[in-house]
1. Taking neighbour Cβ counts within 10 Å as the exposure measure, how do B:M286, A:M75, B:M150 sort from fewest upward?
2. Just tell me how shielded A:462-468 is by partners: mean number of partner chain Cβ atoms within 10 Å of each residue's Cβ, no decimals.
3. Between the range B:234-255 and the range A:122-142, what is the C-alpha centre distance in whole Å?
4. Mind sorting B:R168, A:R333 by how few other Cβ atoms lie within 10 Å of their own Cβ, fewest first?
5. Among A:261-270, B:299-308, B:40-49, how do they line up from the highest to the lowest mean number of other beta-carbon atoms within 10 Å?
6. Counting only residues 5 or more places away or on other chains, whose amide H sits under 5 Å from the amide H of A:L329 once H atoms are built in the peptide plane?
7. Considering all projection directions equally, how large on average is the shadow of the alpha-carbon convex hull of the range A:339-401, in square nanometres?
8. Over the Cα atoms of the protein assembly as shown, each weighted equally, I'd like the Debye log10 I(q)/I(0) at q = 0.06, 0.08, 0.09 Å⁻¹, rounded to two decimals.
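Read-outs throughout are calculated quantities, based only on the coordinates presented, and are distinct from any laboratory measurement. Note that the structure is predicted; figures quoted are calculated from it, not measured. Here the Cβ positions follow ideal geometry from the backbone for every residue, glycine too, while neighbour counts run over all protein chains shown.
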Amino acid sequence: MKVELRDIHKSFGTVYANKGLNLTFDSGKIQGILGENGAGKSTLMKILSGFYQADRGEIFLNDQKVVILTPADAMTYGIGMLHQDPLDFPPMQVLDNFMMGAKGGIFLDRSQVKRIFLRQSKEFGFDIDPDNYVDTLTVGERQQLEILRLLWLGADVLILDEPTTGISAPQKKILFSTLKILASEGKTVIFVSHKLEEVGELCDRVAVLRAGELVGEVDPPFDNEKLISLMFGKPVLKDQRKKITPGQTVLEMHDVNLEDYRLQIRHINFKVFEGEVIGLAGMEGSGQVLFLHACAGLLRPVGGEIYLKNEAMVNKTYIDYRQKGVGYLPAARMEEGLVPGLTLSEHFSLVDGNRSLFIDERQAVNTCNQRIKEYDIRGRASTKVEMLSGGNQQRAILALLYDSLSSLLLEHPTRGLDVGSSIDIWRKLKSRCAHGTAVIFISSDLEEILTYSDRILVFFSGQISKPLDVTTTTVEELGELIGGKNWESTR
Amino acid sequence: MQSKEHSRWINIGFQVLGIIAALGFTTIILLITGAPPLQAFQQMIFGIAGSMNNFSNVLVAWIPLLIVTAGLLVTFAAGLWNIGIEGQIILGAIFCTGVLRALEHSTWSAGIIIFLGILAGILGGALWALLVGLLKTFGGVNEIFGGLGMDFIASVMILWLIYGPWRRPGVASLSGTAIFPERLSLPTFSGVQISPWSLVFGVITIVLIYFLLRGTYIGLKMKAIGKNIRAAFMLGVPTWQYMLLSFVVCGIFAGLAGALQVVGVYHRLLPSITNGYGFLGLLVAMLINFQAIWVAPIALFYAAINVGGIQLPIVLKVDSNLSGVIQGMLVFFVLLTDGFRQHFLKNR
């Protein structure tokens, strides 16, 4: 189906997300939409899929003007959107989730739907058990389920919003081949991303958005530098690695055992030194989060001891760890990092540790403005955090962490952020390292792990490799370890 | 700016619509029950403002409702539904009565006894609320269920006391325990029921709550918990401690209201000592969208409807519960029209 967007305008309060966008998507093509965080990509796609309504502008499907008021409307026109965070029902079974949104009578013919599900799933090389519960699936599998569901509902236009964040490399491969199959079947695929390599690998055409406007449409072969300068309006330079000599031990694990309901990690012995950066690599759910939670006191070890600056942290809570200078940056920004409904300055008051009864509002605003400037957050002291874009939310969470931390633990510090914001965040983190803070971070982006870590721990279903020195480790080695190969050599 | 002004008028329009709808619906109910609607409303207005005495009755109902609603704003701020509020008022009344009974015949000055009674009431309300909080934080019992359970226990307890150990010599009856001597009542303005002390407590409460929620670290932390408990925890807020604190603060005010009902209004313990102000407070809190600034006027309005209804059975043989119908309808229709308004504004 040919999709045409004409002169789309959308603003949220005083913030313009889309300023008169004109775009055409042809059937049988994979069209990329590239742009930094807050460029207006997601907003535009949400307008097309009925989640938002444009303030002004028109949508044409196969040259017919349509009005899309709700996601259900969009679906009846054959437009389905795969969201950045899967919109599914974790406590339900896969098959029930699959049938969600289907038109039909009161009774469900489960066995027939199951056959359809399995057939479709085989066609794309997916491997999901329809009787499993959704909350046992990985992000990648949930995405596959959602794709199957949208296709079954009759999607002819498939929108994917940053679909590769949080999925593993093999899953990404499967996803890309699926999208190519779909395009070859004549479907219109719209692929929203800020990752140049992916767009280059997959797309037949790329539209670049900046600050709510279309700044260019590019055909292959793609020139990365040109795309970057379109995205940011200027070329972006990466920092050179600086060698840091580690100082004293800030965190030590002594024969620590960790477990949750599905994973066990045994006998961890590990030391983290002042000023170093430790990257935790591995497929999602291999134990990195357990490890990081234990370092922050969010998970109590079932055996062994954890020391912070040589002090044993027995029976201590997260609040105690915080007071000892441990900072934690969760991956889910709006769920765990920030409080929607509170302003930026209220957030800074919340963490300022002031013991007086009354909040000095003027001072709170001053502190806030200072941090806003320091961290280049595009927002005001009175801005509610949910109004900030993803990158600015991430910078705000980082700004909320005290300056004098002994260790800083981060889940996916740059997930969902564009190149410019990522480099910026790492510049901030490195400057904290220079002041003695140790950084431990989880990332599914190997490039990021190799660029910024001093040492790397690889996780594979509850096993942890010995620390790898980044200067002698290659992407290939990491990739094999993550996939569970060559583990003998790391013990 | 123009559009802002414009949407403000739309807002007001929708609110007026809600009130009209509520009154319209009440009229229909009156017609169904066979009562003349105009006369009924007239009687209610007379019941509110017909005389100095009537108006003072409105104030008598206003104070406890104001105090209770203000307390509820604290638990609402922390995202908690303190359904146990009725029980907390009852416990306040019971504790206060207990102290008054114990010291009734002592030689202590009346002022000190009343003061201790009120203090005991505060303690009782706070304890009962703390129990709900502990059940939630350590027992995993949702505060709505826990609160409801504690309400039942409290109302059984008060009946047992009135019919049992504290019964009036000779007769145990619904009319409550024996009336305390005159000296153990809060002094009133001459000729009317309302005590200046109650007014003072009411004003202090609302001012305290307003500033607690608006300008203090405690209030901010509670709001953070209410809006996103997980993120609040990650940002270093001791979550369960502040949740317990919010229960205790609300319980303090519920207990105060209960104690004032004893020393300021009924001068004894009655089965219906709360007058349902706890649940009514929940309605008011919802109606004002949890904004402290609106508690005083809207609680006054609700108290007026309550008191206005008292005339009805006498004059028109209509049950005084009609007040409850109006109150419920108001909340319902105002929330409903607000829902419509948001829908309307969104689609424009």
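1. Numbers: B:M286 15, A:M75 20, B:M150 24.
Fewest to most other Cβ atoms nearby, the residues stand as B:M286, A:M75, B:M150.
2. Taking all residues of A:462-468 together, the mean is 0.
3. The two parts, judged by their Cα centres, are 42 Å apart.
4. With the fewest neighbours first, B:R168, A:R333 line up as B:R168, A:R333.
5. Put in order of decreasing packing, that is B:299-308, B:40-49, A:261-270.
6. Amide H to amide H, under 5 Å and 5 or more residues apart or across chains, A:L329 pairs with A:L409, A:L410, A:E411.
7. 3.9
8. So the normalised log intensities are -0.53, -0.88, -1.05.
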